[in-house]
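Here's the structure, in structure tokens; my notes come after.
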Amino acid sequence: MFNFFYNSNIFIWIEKLINFINSIFFVLLLVALSFALIFSPPDYLQGDSVRIMYVHVPAAWIGLASFTVIAFLSIINFIFKIKNLTLIAKSIAPIGLLFTCIAIVTGSIWGQPTWGTFWAWDARITSMVILAIFYLLFILTHKYFLEESKANNVSSLIAIVGLINIPIVKYSVEWWATLHQPASIKISGTSSIHSSMLMPLLLMFFVLILYCALIFLMKYKTEIIRIKKKNLKRI
Amino acid sequence: MLPKKVKKRASLLAIFLLASILGVFLILNTLNKNILYFNSPTDIKISQDLNYNKKIRIGGMVKKNTLEINNQEIKFIITDFKNEISVSFKGTIPNLFAEGKGVVAEGMLKDKRFFEADRILAKHDENYMPPELKNILSDNVK
Amino acid sequence: MSMGGYGIFVWSSFVITFLVCGVFYYKTRKTLKKYEKEFAKEIENLSAEQKKIVLENSKIASKILSTYNKTI
């Protein structure tokens with residue numbers, strides 16, 4: 001397992017992927033932005049403020065998805081102690097925190113014209129803030145504990161407890177009376193969002209996922225170099 | 001077979017996870033009333049211990065054809081299609097506030113059927129569509 | 001541009017998002033370059049014999065070194 005992940009071929013692939021994403025990223029970003037800001041229609045009720053959704057929703061998805069990935073990696077990691085999974089989880093966490101914060105801030109900017117307030121302590125928004133706090137704790141444990149095995153154990157437990165918060169975020173809008181509206185896009189069943197708005201949303205999601213992949217690969221590469229450097233000192 | 005250490009860690013984790021799920025569930029259960037961002041008119045009607053000096057929020061739909069706007073105040077009825085509460089309000093309303101749309105009013109109860117709001121929030125629904133489509137839809141309804 | 005009065009909200013959320021993403025990208029890249037540089041330095045400090053052993057045994061080490069040399 002160790003050898004597979006540390007295979008130098010993987011390292012070369014990381015380099016190739018970074019270069020590939022870099023080469024196509026800006027074209028895709030321009031396409032997605034022009035759809036989100038110019039070509040897509042305004043909403044019948046919200047007018048143009050619906051465009052905020054094109055950054056808010058993908059950011060929230062990424063925030064939730066990356067925490068789920070971190071939590072499952074942490075479960076495996078806590079039981080089997082695989083060093084590479086720690087590196088992967090550690091490389092994902094800052095991206096997740098970044099996008100959770102973006103989701104909160106853009107949501108707040110959207111709330112002002114739509115709801116009439118920047119902030120409301122309803123279940124969805126509060127659970128999203130708690131998610132950001134879990135990310136922060138996860139990242140800080142790696143900074144605080146210098147001994148790596150201890151940092152891994154503590155951060156894994158934090159991620160596993162934080163996993164309970166994920167369904168709470170997702171279903172808060174259905175379980176309790178919240179100011180935040182229920183999800184428009186459902187995994188099963190019909191979505192209550194028109195295709196002319198769904199398309200730019202998915203396009204934007206794709207572009208932001210590419211951005212995440214880019215950052216992840218760079219962070220992961222940094223971690224590998226850090227480990228290699230440590231091994232050098234042992235000679 | 002798995003090594004003993006791995007088994008031990010797995011069972012430890014399982015117990016830990018179950019305990020924290022139970023803990024979170026209990027916390028949510030005790031907080032239940034506080035998690036609700038607003039009460040519906042039905043909640044108010046069946047509630048036994050109403051506090052008339054505390055700020056609360058009431059949410060529901062603005063009942064159609066009940067919105068009255070004059071110079072000093074705005075009056076309307078919040079309904080959850082079972083029970084209703086009359087609301088009066090002085091101040092600015094959000095752009096999306098309209099008849100037949102969701103609303104959350106913050107303020108104090110005068111009695112079980114009358115509410116004095118000092119803040120109005122619009123509750124948006126999950127439907128997104130371009131204006132042309134909305135026109136077609138409403139034509140079909142007619 | 002003004003988007004019926006909503007322009008300021010729309011533009012500010014897009015600008016914030018992409019500005020923050022840009023800064024974050026720049027920082028990540030800077031750290032990566034820093035580590036590459038430090039790694040290259042460590043290798044230069046090794047004796048000729050050790051250096052040969054490291055580069056022969058680890059493809060990754062030589063790869064890091066070559067990308068670093070390309071960027072200077």
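The values are calculated or read from the model by the stated rules, or taken from the named source; none is laboratory data. Predicted model, so just to flag it, every value in this text is computed and none were measured. So basically every Cβ, Gly included, is an ideal-geometry build from the backbone, and we count neighbours across all protein chains shown. What goes into the accessible areas is simple: the full protein's heavy atoms, side chains included, and nothing from ligands, DNA or RNA. Shrake-Rupley method; radii C 1.70, N 1.55, O 1.52, S 1.80 Å.
A few comments on the model shown:
- Some residue of the range A:103-124 being polar (S, T, N, Q), away from chain B (no Cβ under 14 Å) and closer than 30 Å to residue B:10 by Cα: no
- Here the range B:69-100 is the region considered, the condition is being loosely packed, with under 11 Cβ neighbours inside 10 Å and more than 25 Å from residue A:111 (Cβ to Cβ), and the residue that is modelled with the highest pLDDT is B:82.
- Scanning the range C:35-47 finds no residues that are out of contact with any Phe, Trp or Tyr (no Cβ under 6 Å at 6 or more places or on another chain), at the interface with another protein chain (Cβ under 7 Å from one of its Cβ atoms) and within 19 Å of residue A:62 (Cβ to Cβ).
- Among the criteria (1) over 10 Å from the mean Cα position of the chain (by Cα); (2) buried (at least 20 other Cβ atoms within 10 Å of the Cβ); (3) away from chain B (no Cβ under 11 Å), the one residue A:78 does not fulfil is (3).
- Of all the listed residues (B:47, B:40), the sole one being modelled with pLDDT of 85 or more and either of a type outside the set (Val, Ile, Thr) or closer than 24 Å to residue A:173 by Cβ (or both) is B:40.
- Matching residues, the range C:26-41, being in contact with a helix residue (DSSP H, G or I) (Cβ under 9 Å, 6 or more places away or on another chain) and surrounded by fewer than 16 Cβ atoms within 10 Å (Cβ to Cβ): C:29, C:31, C:33, C:34, C:37, C:38
- Of all residues in the range B:117-142 being open to solvent by 70 Å² or more (accessible area, probe 1.4 Å) and either modelled with pLDDT of 90 or more or more than 18 Å from the chain's Cα centre (by Cα) (or both), the one that is nearest to residue A:42 (Cα to Cα): B:132
- The range A:162-172, subset facing another protein chain (nearest Cβ under 9 Å) and surrounded by 18 or more Cβ atoms within 10 Å (Cβ to Cβ), residue farthest from residue A:123 (Cα to Cα): A:163
- Qualifying residue in the range A:163-179 (condition: out of contact with any Gly (no Cβ under 8 Å at 6 or more places or on another chain), of a type outside the set (A, V, I, L, M, F, W, C), assigned to a loop (DSSP other than H, G, I, E, B) and touching a residue at least 40 places away in the same chain (Cβ under 8 Å)): yes
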